[in-house]
Amino acid sequence: MISLAVAALLSWGILEQPSVVCSDVARSPSTLDNELQGIYESGRPYTEFLSSAKRRAELWIGNTEKAKDIDLSLLARAKAVGGSWRLLAVAIDSCSDSVSTIPYLAQLVDMVDGLDMRVVDPTTGLSVMESHRTLDGRASTPTILLLDEDFDEVGCFIERPPALKDWILDEGFSSQEIYAQKMEWYDRDMGYHTVKVFVEMLEAAAGGAAAICG
């Protein structure tokens, strides 16, 4: 069952995600770290990204409205962390996983002092995607890094919340079923597990733990 599910994920990932030309040159972590500040500073605030979204525009707007009902217990935990943190999001407006996660993170950022977020496209963020691939080897959107005040990476989020990834594998959906099932899951979840992952990353990073990548 798991092998079939993995095959389905591979098939769907190839069909849905934007094409990315992968580099043949391995990038060392230090090389990427030196790039992160520049990539982040070249990005756009979420409001600018949202206003320019042409694909899935209604869903971007709808999820941005739904995000106003962010879970209050997670919000309180994020506010309690303190400090200065940045989210570097590599996203594209046509991506169903981006539109289902980033609006909720934008709301978290908007409501927590010390949090900021910038969005870059897959061309600008290619090195970020290449160095944070999915388990089946794809460079995907969204790829979102949590950075500290020095622009050092302290956490990452690749494509989908871990809870959704696990659910898809457990259910063993076919490639034809994954999209509809995934979008229904996102609609029920209303960003809860996406926000939860980043709150846990913030808490871990503030406590000095090793970077979490979910």
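Please treat every number below as a calculation from the coordinates, not as lab data. These numbers were taken from a predicted model, which means no experiment stands behind them. So basically every Cβ, Gly included, is an ideal-geometry build from the backbone, and we count neighbours across all protein chains shown.
For TYR179, the conditions (1) within 23 Å of ILE70 (Cβ to Cβ); (2) surrounded by fewer than 15 Cβ atoms within 10 Å (Cβ to Cβ) are fulfilled apart from (1). Just checking, does the stretch 53-66 include any residue being outside any strand (DSSP E or B), touching a residue at least 60 places away in the same chain (Cβ under 8 Å) and closer than 23 Å to LYS165 by Cβ? Yes, because at least one residue in the stretch 53-66 is outside any strand (DSSP E or B), touching a residue at least 60 places away in the same chain (Cβ under 8 Å) and closer than 23 Å to LYS165 by Cβ. What number goes with the only condition from (1) touching a strand residue (DSSP E or B) at 6+ places or on another chain (Cβ under 7 Å); (2) closer than 24 Å to VAL81 by Cβ; (3) of a type in the set (Gly, Ala, Ser) that SER140 does not pass? Unmet for SER140, out of (1) touching a strand residue (DSSP E or B) at 6+ places or on another chain (Cβ under 7 Å); (2) closer than 24 Å to VAL81 by Cβ; (3) of a type in the set (Gly, Ala, Ser): (2). Within the stretch 130-164, the residues that satisfy the criterion of being closer than 24 Å to GLU203 by Cβ, of a type in the set (D, E, K, R) and crowded, with 18+ Cβ neighbours inside 10 Å are GLU153, GLU159, ARG160.
Residue pairs whose Cβ atoms lie under 6 Å apart, sitting 6 or more positions apart in sequence or on different chains, and linking a residue in the stretch 99-116 that is under 18 Å from ALA206 (Cβ atoms) to a partner that is assigned to a loop (DSSP other than H, G, I, E, B), are GLY114/GLY83; GLY114/SER84. Out of LEU135, LEU145, one residue alone is in contact with a Gly (Cβ under 9 Å, 6 or more places away or on another chain) and hydrophobic (A, V, I, L, M, F, W, C). It is LEU145.
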